[in-house]
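Report on the following structure.
The values are calculated or read from the model by the stated rules, or taken from the named source; none is laboratory data. Every value quoted in this text rests on a predicted model; they were computed, and no experiment measured them. Don't worry about glycine lacking a Cβ; one is built from the backbone with ideal geometry, like all the others, and counts go over all protein chains shown. Note: accessible area is taken over every heavy atom of the protein model, side chains too, but ligands, DNA and RNA are not part of it. Shrake-Rupley method; radii C 1.70, N 1.55, O 1.52, S 1.80 Å.
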Amino acid sequence: MAEELKITVGSKEEKYRELVPQIKAVVEGETDLIANMANVASMLQETFGFWWTGFYRVTEGILVLGPFQGPLACTRIKKGKGVCGTAWEREGTVIVPDVEQFPGHIACSSLSRSEIVVPVKRNGEVIAVLDIDSKDLNTFDEIDKKYLEEVAKAL
Ligand code: SME
């Protein structure tokens, strides 16, 4: 297991290309989901300097805050609510270029401007979501979706 994160300088895609194998190596060496989520949140946040990176886990029919990096966040999100609850309901990634244009967006932080939420599945069922917030508009695109879905799969 890599003991220290190696961060590339370069384009977003180059960073993901270097980061994702490191994430896989870390995750493969540990069976505890929460420990892995904690390290994944850290590695993504360290590499990209997002505003907030973390997980919500499906717990007794509701999303409950899990490991994260960044400021204080709301703890519970219902299915279909906010970007996280929408990604859970749709069982697919949701990219929000401008949170003010997303009806029902849950503003845990007023500084968050754009967001991506990627479901984490086990046996085809959503067990958690990976949520990333940016202070800038239009931060996330198909490149983020592709690599973050790979990260979600590795969990
Ligand atoms: N904005 C999210 C809520 C979680 S925070 O961003 C950490 C949403 O609308 O689901």
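Brief remarks follow.
- The aspartates and glutamates whose alpha-carbon is closer than 13 Å to the alpha-carbon of Lys135, local same-chain residues fewer than 8 away aside, are Asp98, Glu100, Glu115.
- Accessible area in the full protein assembly, largest first, 1.4 Å probe, for Phe140, Phe102: Phe102, Phe140
- Given charges at Cβ of Lys, Arg, Asp, Glu: the chain dipole, positive-most of Ala41, Gly80, Thr93: Gly80
- Loop-located GluC sites (Glu not before Pro) in segment 87-155, at most 14 other Cβ atoms within 10 Å (DSSP): Glu91
- For the chain, averaging the sequence separation of C-alpha pairs within contact (under 8 Å, six or more residues apart) and dividing by the residue count gives a relative contact order of 21 percent.
- Local electrostatic count, Ser109, Cβ distance below 14 Å [Lys/Arg +1, Asp/Glu -1]: -3
- Within the chain, the longest segment free of exposed loop sites, counting trypsin sites (Lys or Arg not before Pro) that fall outside DSSP classes H, G, I, E and B and have at most 16 other Cβ atoms within 10 Å, spans 7-77.
- Dividing the alpha-carbon radius of gyration of the chain by the rule-of-thumb value 2.2 N^0.38 Å gives 0.96.
- Among the listed pairs Lys78/Lys146; Lys121/Lys145; Lys15/Lys146; Lys12/Lys146, those beyond 18 Å (Cα-Cα): Lys78/Lys146
- Computed magnitude of the charge dipole of the chain (debye, nearest 20; Cβ of K, R +1, Cβ of D, E -1): 380
- The Cα atoms of segment 49-89 give a gyration tensor whose axes a ≥ b ≥ c have a/c of 1.5 or more with a/b greater than b/c, which makes the shape prolate.
- Euclidean distance between Cα centres, segment 100-141 to segment 28-95, Å: 9
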